[in-house]
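A.B. asks: Supplied in structure tokens, the structure appears directly below.
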Amino acid sequence: MKRILAAALSLALLCMLTACGGKKTPDEGTVKEGVCYELTGIAPDAAAMAVDGVEVPMDLYFYNLCYAASYLESYMNAYGMGFDWSMEIEDGMTMLDAVKEGALSNAKSFAVIEKLAQENNVILDEDALSRLKTQRKQTVDNFGGEEAFQTELDKLGLREESYDRMRRSDYLYDALAELAAAEGSSLYATDAQIVAFAAEQGWMTADHILLLTRDMSSHEELDDEIKAEKKALAEELKAKLDAYTGDDLVGYFTELADEYSEDSGRALNPEGYTFGLGQMVEEFESTAAALGEGEVSEIVKSYYGYHIILRKPLNEEKAIEAMRGSYFDELVSRRIENAVVEMDPRVKEMDIAGVYDAFSARMRADEEAAAENAPAENGIDVTDPAQEAVQN
């Protein structure tokens, strides 16, 4: 998630939904010119919204709105589907909805990172500031000078203040991540916090006895006679477990698994697997999730064969080991998802399709004019998610 700016505009944006409240007294701004103002009627330095109290200027939102639309348009065109604002993508979400939510998610990400930095007294150090300065100079040089660079920002509707804000966001994120990794810091998660978080995210520990019905070297199914023998053995082992009356079911299950299980991963996971959602074969995962701790499943058939599954208490050590590195990323994601948004009513009511269509037409006209003269070798392309000159 280091490149949170690009990630916020990935295909995951198609399934993200955010609710926005109204802003009673919108800031009118002072800049009454430029692409953003001409196409939206809202000053680029006006507050388009406040996210957890952090204001997001209109030009930053405008840029991300056009970027989200351009990204999806390029994606749809690449697959020959065309770009239709009313097209339903999934579960009732239209292309227009996806663009709105993509732009909002990205705008929220900037504000949340800045809010976290404020809360934890994180500022950019001299090294980060020096790198930012060097990167800006390189970008200006690529355009052939300050005037050409400013012209490009103007075409995208961006003030340099907002351009700089986007570039700083990545560095702030890195600084926050470093703080989160420092034991004892304000963002450092205790082991107990990580265990609780892992449990919330559906992490679990389960052991199993696997009897293969497939040759794992060729991935071909075994013949019916051998599969019938495996099924009979599974039923025999399940009957033994059901008949067990001792006080150490886990130990007994482990003995049977050590003797009979044909899972090649058992040598590295002798006490079972600790995993999150989507990490195991679906039949194994869903069955384990439905069990209570200490319960044994019925015989379950998967692509690999027959499983008998024992749900165990979450292995906290393994959960901490697996989740420590990603905990901060998940923390930021949750903050973005749950951020409180107060949006200027003018922005909520804006004709997004009309604004983008007009912006796109301007961009095409500029490209055609440039091609007739001397096409530039370098440029900031609003359709290119890898273009770091603006995103970072």
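The values are calculated or read from the model by the stated rules, or taken from the named source; none is laboratory data. Values in this document were obtained by computation on a predicted structure and should not be read as measured data. All Cβ positions, even for glycine, are placed from backbone atoms using ideal geometry, and neighbour counts span all protein chains on display. Note: areas computed on protein heavy atoms with side chains; ligands, DNA, RNA excluded. Shrake-Rupley method; radii C 1.70, N 1.55, O 1.52, S 1.80 Å.
A.B. asks: Could you give the size of the charge dipole of the chain about its Cα centre, using +1 on the Cβ of each K and R and -1 on the Cβ of each D and E, expressed in debye and rounded to the nearest 20?
C.D. replies: Details: 35 positive and 78 negative charges, 189 e Å.
Approximately 900 debye in magnitude.
A.B. asks: On full extension of the chain, what length is gained from residue 137 through residue 233, given 0.36 nm per residue of separation minus the C-alpha to C-alpha distance? Mind dumping the intermediate values first?
C.D. replies: Working: separation 96, 0.36 × 96 = 34.56 nm, distance 7.07 nm.
The span from residue 137 to residue 233 would gain 27.5 nm if fully extended.
A.B. asks: Give me the accessible area per residue for the chain, probe 1.4 Å, as a whole number in Å². Walk me through the numbers on the way to the answer.
C.D. replies: Details: 19640 Å² over 392 residues.
The answer is 50 Å² per residue.
A.B. asks: If you look at just the Cα atoms of segment 182-267, how large are its Rg and its Dmax in Å?
C.D. replies: Spelled out, the Cα radius of gyration and Dmax of segment 182-267 are 19.5, 61 Å.
A.B. asks: Got a sec? Charge dipole of the chain, +1 on Cβ for Lys and Arg, -1 for Asp and Glu; which of 188, 305, 122 is way out at the positive end?
C.D. replies: 122
A.B. asks: Straight-line reach from residue 240: which lysines have Cα under 21 Å away, leaving out those fewer than 8 places along the same chain?
C.D. replies: Partners within reach: 227, 230, 231, 301, 312.
A.B. asks: Under 5 Å between amide H atoms, partner at least 5 residues away or on a different chain: which partners does residue 208 have, H built in plane at 1.01 Å?
C.D. replies: Result for residue 208 returns 310.
A.B. asks: Could you work out what % of the accessible surface of segment 42-190 is carbon and sulfur, using a 1.4 angstrom probe and leaving DNA, RNA and ligands out of the count? Present the calculation step by step, with values, prior to reporting the outcome.
C.D. replies: Details: 2900 of 6260 Å².
Its accessible area is 46 percent carbon and sulfur atoms.
A.B. asks: On to the next question. Over the chain, calculate the relative contact order: mean separation of alpha carbon pairs under 8 Å at least 6 apart, over the residue count, as a percent.
C.D. replies: 25
A.B. asks: Report, ordered by chain and residue number, the lysines lying within cross-link reach of residue 155, taken as a straight Cα distance under 30 Å and ignoring same-chain residues fewer than 8 apart.
C.D. replies: Cα-Cα hits under 30 Å: 2, 23, 32, 100, 108, 115, 133, 137, 348.
A.B. asks: Modelled label-to-label distance, residue 289 and residue 89, 7 Å Cα→beta-carbon offset: nm?
C.D. replies: 2.4
A.B. asks: Hey, any idea what % of segment 256-368's accessible area is carbon plus sulfur with a 1.4 Å probe? Please report the intermediate quantities before stating the final value.
C.D. replies: Working: 2840 of 5950 Å².
Carbon plus sulfur share of accessible area: 48 percent.
A.B. asks: Let me ask something else. For segment 222-281, build the convex hull from the C-alpha positions and give me its volume per residue in Å³.
C.D. replies: Values: hull volume 7.2 nm³, N = 60.
About 119 Å³ per residue, rounded to a whole number.
A.B. asks: Hey, with R₀ at 41 Å, roughly what FRET efficiency would residue 329 and residue 240 work out to, going by the Cβ-Cβ distance, to 0.05? Could you put the intermediate results ahead of the total?
C.D. replies: Values: r = 44 Å, r/R0 = 1.08.
The pair residue 329/residue 240 has a calculated efficiency of 0.40.
A.B. asks: Taking the Cα centre of segment 195-330 as origin, work out the dipole magnitude from +1 charges on Lys and Arg Cβ and -1 charges on Asp and Glu Cβ, in debye rounded to 20.
C.D. replies: Details: 12 positive and 31 negative charges, 31 e Å.
Magnitude of the dipole: close to 140 debye.
A.B. asks: Any idea what the dipole of segment 242-296 comes to, in debye rounded to 20, about its Cα centre with Lys/Arg Cβ at +1 and Asp/Glu Cβ at -1? All intermediate terms of the calculation are to be shown ahead of the outcome.
C.D. replies: Numbers: 1 positive and 14 negative charges, 38 e Å.
In total the dipole reaches around 180 debye.
A.B. asks: A further question follows. Which value in nm describes the separation of the simple spin-label points at residue 255 and residue 221, placed 7 Å from the Cα toward the beta carbon?
C.D. replies: 3.5
A.B. asks: Further question: On C-alpha positions alone, give me the angle between the axis of helix 191-200 and the longest principal axis of the chain, in degrees, nearest 10.
C.D. replies: Between helix and principal axis, roughly 90 degrees.
A.B. asks: Mind checking which of 358, 53, 143 is farthest towards the positive end of the chain's charge dipole, using Cβ charges of +1 (Lys, Arg) and -1 (Asp, Glu) about the Cα centre?
C.D. replies: Going by the Cα projections, it comes out as 53.
A.B. asks: Related question: Whole-Hz ³J(HN,Hα) for each residue in segment 157-173, computed from phi via Karplus 6.51 cos²θ - 1.76 cosθ + 1.60 with θ = phi - 60°, x for glycine and proline: what do you get?
C.D. replies: x, 9, 7, 5, 4, 6, 4, 5, 5, 5, 5, 5, 4, 4, 5, 5, 4
A.B. asks: Mind checking the log10 I(q)/I(0) for the chain at q = 0.09 Å⁻¹? Debye, one equal scatterer per Cα, no solvent, two decimals.
C.D. replies: Here log10 of I(q) over I(0) equals -0.71.
A.B. asks: A further question follows. Given labels modelled 7 Å from the Cα in the Cβ direction, how far is it in nm from residue 348 to residue 174?
C.D. replies: Modelled inter-label distance: 3.9 nm.
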